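Scroll down for the structure; my scribbles are underneath it.
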Amino acid sequence: MRQKQPAVDGPRFALTQPMNWIADLRFAVRRLRRAPGFFFATVLMLALGIGISVSMFSLLRGVLLAGLPYPGGDRVVSVNTANARLQAAHGSLTPAEAVEIADAGTRSPFRHFGYYNWGGITLYDGSRPRETTIVVVSDGFFPALGMQPV
């Protein structure tokens with residue numbers, strides 16, 4: 001008559017048994033060597049998973065967790081317009097609206113107010129036109145960011 005083996009209590013990967021963990025790792029490597037296609041698919045999935053996780057963390061850290069790289073960056077705000085009739089939100093200020101807010105002086109809720117407008121222009125270099133992007137900023141733009149222009 002055969003004797004029954006005692007039941008194993010607890011998880012197999014216990015930290016108190018490092019030799020079993022190493023043996024399991026060796027077994028996994030041997031199994032992956034026998035099937036090279038599965039091995040490469042496994043390594044590829046691990047690499048993609050780690051790469052995506054690192055890039056998402058970097059993106060979220062840069063966008064949500066870290067502040068702007070300016071002095072007082074946590075107090076920098078963006079002012080937009082909304083048009084209920086056209087059902088448009090987050091529109092850009094017109095130059096006249098931006099000048100009106102910038103010239104409000106003591107009536108303005110802002111210590112500094114700067115605005116910018118960007119667009120494209122065509123430069124002619126000899127006989128060949130070249131498209132380039134330009135950004136026009138107001139005189140209060142750099143003080144609002146706590147920086148000096150170059």
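The helix-only estimate of mean residue ellipticity at 222 nm for the chain, built from DSSP H runs of length n ≥ 4 each weighted as -39500 (n - 2.57), is -12000 deg cm²/dmol after division by the residue total. Rolling a 1.4 Å probe over the heavy atoms of the protein chains gives the stretch 50-150 an accessible area of 85 Å² per residue.
Helices that extend 30 Å or more along their long axis by alpha-carbon positions and average at least 0.0 on the Kyte-Doolittle scale are, among the DSSP H runs of the chain, 36-60. Rounded, prolate or oblate: which fits the stretch 85-147, taking a ≥ b ≥ c as square roots of the Cα gyration tensor eigenvalues, rounded meaning a/c under 1.5, else prolate when a/b beats b/c? It is oblate, given that a/c is not under 1.5 and a/b is not larger than b/c.
Computed over protein heavy atoms with a 1.4 Å probe, the carbon and sulfur contribution to the accessible area of the chain reaches 61%. When each of the peptides 54-63, 135-144 is scored by the mean number of other C-beta atoms lying within 10 Å of its residues, the order from highest to lowest reads 135-144, 54-63. Taking a ≥ b ≥ c as the square roots of the eigenvalues of the alpha-carbon gyration tensor, the stretch 37-94 is classed oblate because a/c is 1.5 or more while a/b is no larger than b/c.
Projected onto planes of every orientation and averaged, the convex hull of the alpha-carbon atoms in the stretch 39-150 covers 14.1 nm². Taking 0.36 nm per residue of separation and subtracting the Cα-Cα distance, full extension of the segment from SER58 to LEU123 would add 19.7 nm.
The values are calculated or read from the model by the stated rules, or taken from the named source; none is laboratory data. Remember, it's a predicted structure, so these values are computed and weren't measured experimentally. Ideal geometry is used to build each Cβ from the backbone, glycine not excepted, and the neighbour counts take in all protein chains shown. Keep in mind that these areas ignore ligands, DNA and RNA; they rest on the heavy atoms of the full protein, side chains included. Shrake-Rupley method; radii C 1.70, N 1.55, O 1.52, S 1.80 Å.
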